[in-house]
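Comments concern the structure below.
The values are calculated or read from the model by the stated rules, or taken from the named source; none is laboratory data. All figures in this text were calculated on a predicted structure; none of them were measured in a lab. Neighbour counts are summed over all protein chains in view; Cβ atoms, including those assigned to glycine, are modelled from backbone coordinates with ideal geometry.
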């Protein structure tokens, strides 16, 4: 019998408990597939008394998670505490310093300190694996670092936050507005009591920054991500999207441009013939466009106990088998530090919804502002008539530079007949 | 500078030439990502004079591919000749016997001799990698053997043959019949002059057998695959599918059943709300349903120079980095030899299209046969009336055993008023 791979798990929330369950249930299967058993030596969590539905018989309980980074009977520290700093960061740093491998689901930490962690791990010759940090059970990190390693990635984009996708899907299916659907999602446990992390796009931006690192061999640059959430998407916009042949999705997108690496998270109008338009509810998907492979898409559950545990255990089996890989596809010293492409330079098509007073001359005034910014209109749509009352007008444009579009939106917002801030949603063509 | 990984390529058709191109174009990128360069020491192909648009300067030409398995300056033999036996098989066997790693795109060979190859490779401690054998550039073998390794696979299914999917998609889009679309596909180079390998389901069955091995840790069992092609799918069936809310796809499906491992390749009615219904044209997709991860889907181009080269090179980088894995997820000695579940025992819903004489009493006669076989009808559809002429009648059933369904179809085919063999297409629920 070969020596087992000995692990310590910090954090026994949904994911931690799932890992313990999976390891117990597939104990024999994993010993055969991984070449040796995976054994939990110790765990650490805040509340020892909580019933988690898992068997911890014979597993050491550590009150202080940092002890896991010191224990002699631990080869791998599994960090499932979360948070970009604090205990999680200390634990990972200490584990690496002590020559232990690290498996983590912590996107926030990797988004903030990814390059530093990679450098430290490389110096000590240990692995930092993080399949569970992005897109739950979808093995997208493995696809980027290994399966598609022969490609220069031209572009990647994905639905990276299940809460937002659930809300947008439900809004479309029910016709209800954002606030009502959010409240329902909170009641159902699909959204947090404080939902801003999800619905303001921060979580998706963390994941995008990590994906970008692994896809382009670039220093993780969270600050370089342009972020917009979904609060301003109304039922009306979703209805207009339907009419125009789109679905609204919160996407994270990254590509190399002449100005550097562009990373952006924001609601998008996605054409119905794009496969990603059909990823609904809590599902996630990532599209990778490589120069040899062409377009590939990976989809599955983006969160939850089973999928995330599946990802953590895949990382553990890699380590059990001695398979390793630089953290972000290339050695830390070779990570590119391409600048973040400024959002002002982004070129794309736009949807703009205005609430205007229904009176003659409004469209002429709007058109004149657009013409001044050299923005070429693709379509203009006014539904219903309601003289001297408020009506929506929707414009779509051909490709323009973001800066010009913003100047136009600002000027249009100042017109007398325009009664609200224009709602701007980017149209993505794939 | 680390020692390069030295390879020999046998076969310089579309894929072989693509591999040479990719290695040349991403030479530096791969050296960084793989930890060392990948160098082509020698190649072998039938026609030395053919212009393949690749630079072979400084690369040794071997007239006899078997020489690649002997050469001292070759660590990995890349077998891209094809065919389940003959030279390809000899080359792979010899390469393994001489302690060389093997990368191959040869699904036919793996389908026929997969377990023997795995055993031989294990004995010599070499890797046999075959990402390119199934679903082109989609890293599905890596997903099954590594990314989803923590799961017991409950079921997998996929669109594994681009030619069939192209034909079925075009039939649906144009309303034309099978023969016309096949002829067009042949003219366009999407189908071979002798198309039977593709359209009779053999190619998909090879790929399914290989996938099944990697997913279930089972001895590859091509003979255990039930195979039906797409020749009998008519424009009429495609139109009825649309009416009923389905699309017709040639799927390969595998799952564990109480009777053994069920493997089947045949046209399926796929509900429109299943993501795989939307995989169109030459694209491939594989759905893996794992007990922890849930349902995941991987899609991309299933063939072509770039995608297949991408898969071959991913395998080469794994070898360059010293990453290895048992050929079919578990050591060859532990491969299960579960029997093939007999197709007669398959339980599912069915679509049956009849061409009947439009006269009273026909439906009663058909219903009586079905009742005798205890088959419960879900719906019955007759479009148009044409007294005493030929009209189609479509039945759909609830879940029944295949054997009963076949007995019913046979008996119905013998009824006086039934003018052609009933067309039976299985309905898949996901």
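List of remarks:
- Test: residue in segment A:239-246 that is touching a helix residue (DSSP H, G or I) at 6+ places or on another chain (Cβ under 6 Å), surrounded by 23 or more Cβ atoms within 10 Å (Cβ to Cβ) and touching a residue at least 12 places away in the same chain (Cβ under 8 Å): no
- If you go through segment B:282-315 and keep only what is at pLDDT 95 or above, surrounded by fewer than 22 Cβ atoms within 10 Å (Cβ to Cβ) and within 22 Å of residue B:249 (Cα to Cα), you end up with B:289, B:295.
- Number of residues in segment A:16-52 that are buried (at least 24 other Cβ atoms within 10 Å of the Cβ) and closer than 18 Å to residue A:106 by Cα equals 5.
- Residues satisfying the stated conditions in segment B:101-117, i.e. crowded, with 24+ Cβ neighbours inside 10 Å and either over 20 Å from the mean Cα position of the chain (by Cα) or not in a loop (DSSP other than H, G, I, E, B) (or both): B:101, B:102, B:103, B:104, B:107, B:109, B:110, B:111, B:114, B:117
- Scanning segment A:282-291 for residues that are at the interface with another protein chain (Cβ under 7 Å from one of its Cβ atoms) and under 19 Å from the mean Cα position of the chain (by Cα) returns no hits.
- Check on residue A:87, assigned by TED's automatic domain parsing to the domain that holds residue A:74, surrounded by fewer than 24 Cβ atoms within 10 Å (Cβ to Cβ) and modelled with pLDDT of 95 or more: yes
- Residue check, residue A:328 at pLDDT 95 or above, at the interface with chain B (Cβ under 10 Å from one of its Cβ atoms) and within 24 Å of residue A:153 (Cα to Cα): no
- The single residue among B:108, B:97, B:10 that is touching a strand residue (DSSP E or B) at 6+ places or on another chain (Cβ under 8 Å) and either on the phi > 0 side of the Ramachandran plot or not assigned by TED's automatic domain parsing to the domain that holds residue B:329 (or both) turns out to be B:10.
Residue-by-condition table, conditions (1) part of a helix (DSSP H, G or I); (2) at pLDDT 95 or above:
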residue: B:7; (1), (2): no, yes
residue: B:29; (1), (2): yes, yes
residue: B:32; (1), (2): yes, yes
residue: B:43; (1), (2): no, yes
residue: B:57; (1), (2): no, no
residue: B:68; (1), (2): yes, yes
residue: B:82; (1), (2): no, yes
residue: B:91; (1), (2): yes, yes
residue: B:96; (1), (2): yes, yes
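- For residue A:149: the one exception among (1) farther than 27 Å from residue A:281 by Cα; (2) within 13 Å of chain B (Cβ to nearest Cβ); (3) not in a loop (DSSP other than H, G, I, E, B): (3)
- For segment A:269-281, residues that are more than 9 Å from chain B (Cβ to nearest Cβ) and either buried (at least 24 other Cβ atoms within 10 Å of the Cβ) or closer than 13 Å to residue B:299 by Cβ (or both) total 3.
- Residue in segment A:313-322 that is more than 23 Å from residue A:430 (Cα to Cα), at the interface with another protein chain (Cβ under 7 Å from one of its Cβ atoms) and free of Cβ contacts under 8 Å to residues at least 60 places away in the same chain present: no
- Taken together, A:294, A:300, A:361 contain a single residue that is in contact (Cβ under 8 Å) with a residue 24 or more places away in the chain and within 14 Å of another protein chain (Cβ to nearest Cβ), which is A:300.
- Segments classed as strands (runs of 3 or more DSSP E), wholly inside segment B:350-430, with at least 1 members that are in contact with a strand residue (DSSP E or B) (Cβ under 6 Å, 6 or more places away or on another chain) and farther than 30 Å from residue B:252 by Cβ: B:377-382, B:390-397
- Taken together, the residues in segment B:121-146 that are in a loop (DSSP other than H, G, I, E, B) and either in contact with a strand residue (DSSP E or B) (Cβ under 7 Å, 6 or more places away or on another chain) or at pLDDT below 95 (or both) amount to 7.
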